[in-house]
Amino acid sequence: MQIYKAFYVLQILNIKNFNSFYYLCRRKTNLSMFNKNIKLIIAGLLIAVAVWQFIEGEIGNGIALILLSGIFIFLYFKNEMILLAFLRLRKQDFPGAKRWLDKIKDPEKALVPKQQGYYWYLHGLMVSQTNMTQAEKFFKRAIKLGLSMDHDLAMAKLNLAGIAMTKRRKREATTLLSEAKKLDKHGMLNDQIRMMKEQMKKI
């Protein structure tokens with residue numbers, strides 16, 4: 001019964017069905033399937049229906065819809081493709097991670113700035129062993145856009161230090177290593193930093 005009431009509210013909002021609404025969003029914004037603005041619109045609609053349910057005294061339905069809208073709000077800030085790519089990378093599945101990232105056709109429109117940072121950070125990790133010049137470009141772009149976690153920022157700077165060292169830019173590598181060490185507050189990168197410092201002595 002309550003499901004029918006929810007559909008009635010959507011009809012009041014001039015949305016005949018979700019497919020037509022989704023098509024309209026894509027046509028109006030010319031954005032990809034996973035666009036951040038579409039998620040906010042869906043979350044807003046769910047909250048509107050939840051408020052109506054609270055007014056009707058259907059507290060349980062209202063809470064459920066609020067929780068559901070929370071998922072879309074979470075995915076606005078933490079893009080699902082980025083999360084899935086991270087999971088693939090943890091399993092050392094680089095082709096799998098790339099497939100997920102390739103689904104993001106326009107990162108500037110589909111992602112908030114810090115998620116754009118992670119988009120380029122993941123690309124940097126994937127090509128760091130095969131194309132240092134490209135990896136350097138990706139890591140620098142990721143740092144410029146910003147990364148949420150200090151550990152990830154430290155890892156990006158550590159990779160840049162390794163690239164600088166390989167290109168015999170010792171001063172730059174030393175600075176980046178120092179910055180990475182300050183960011184690595186839990187000492188998770190101590191071994192890598194120590195090894196890199198030893199290697200720099202040979203340059």
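The values are calculated or read from the model by the stated rules, or taken from the named source; none is laboratory data. Everything quoted here is computed from the prediction, not taken from an experiment. Cβ atoms come from the backbone with ideal geometry, glycine included; neighbour counts cover every protein chain shown.
At pLDDT below 95, assigned to a loop (DSSP other than H, G, I, E, B), assigned by TED's automatic domain parsing to the domain that holds TRP100 and closer than 28 Å to LYS103 by Cβ - does that describe any residue in region 161-184? No, region 161-184 contains no residue that is at pLDDT below 95, assigned to a loop (DSSP other than H, G, I, E, B), assigned by TED's automatic domain parsing to the domain that holds TRP100 and closer than 28 Å to LYS103 by Cβ. Do you know which residues across region 119-133 are at pLDDT 95 or above and more than 12 Å from LEU89 (Cβ to Cβ)? Correct list: TYR119, TRP120.
Yes/no matrix, rows are residues, columns are (1) crowded, with 16+ Cβ neighbours inside 10 Å; (2) in contact (Cβ under 8 Å) with a residue 24 or more places away in the chain; (3) out of contact with any strand residue (DSSP E or B) (no Cβ under 7 Å at 6 or more places or on another chain); (4) not aliphatic (A, V, I, L, M):
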{"position": "SER69", "(1), (2), (3), (4)": "yes, yes, yes, yes"}
{"position": "PHE77", "(1), (2), (3), (4)": "no, yes, yes, yes"}
{"position": "ARG90", "(1), (2), (3), (4)": "no, no, yes, yes"}
{"position": "LYS105", "(1), (2), (3), (4)": "no, yes, yes, yes"}
{"position": "GLN115", "(1), (2), (3), (4)": "yes, yes, yes, yes"}
{"position": "TRP120", "(1), (2), (3), (4)": "yes, yes, yes, yes"}
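Within region 129-159, the set of residues being touching an Asp or Glu at 6+ places or on another chain (Cβ under 9 Å) and of a type in the set (Gly, Ala, Ser) comprises ALA142, ALA154.
Would you check which residues across region 153-192 are surrounded by 18 or more Cβ atoms within 10 Å (Cβ to Cβ) and β-branched (Val, Ile, Thr) and list them? The one that is surrounded by 18 or more Cβ atoms within 10 Å (Cβ to Cβ) and β-branched (Val, Ile, Thr): ILE163.
Taken over region 60-78, residues that are part of a helix (DSSP H, G or I) and under 15 Å from the mean Cα position of the chain (by Cα) amount to 7.
Of the set (1) closer than 19 Å to GLU198 by Cβ; (2) among the basic types (Lys, Arg); (3) touching a helix residue (DSSP H, G or I) at 6+ places or on another chain (Cβ under 7 Å), all apply to ARG169 but (3). Report whether or not PHE7 is surrounded by 15 or more Cβ atoms within 10 Å (Cβ to Cβ), in a helix (DSSP H, G or I) and at pLDDT below 50. In short, no.
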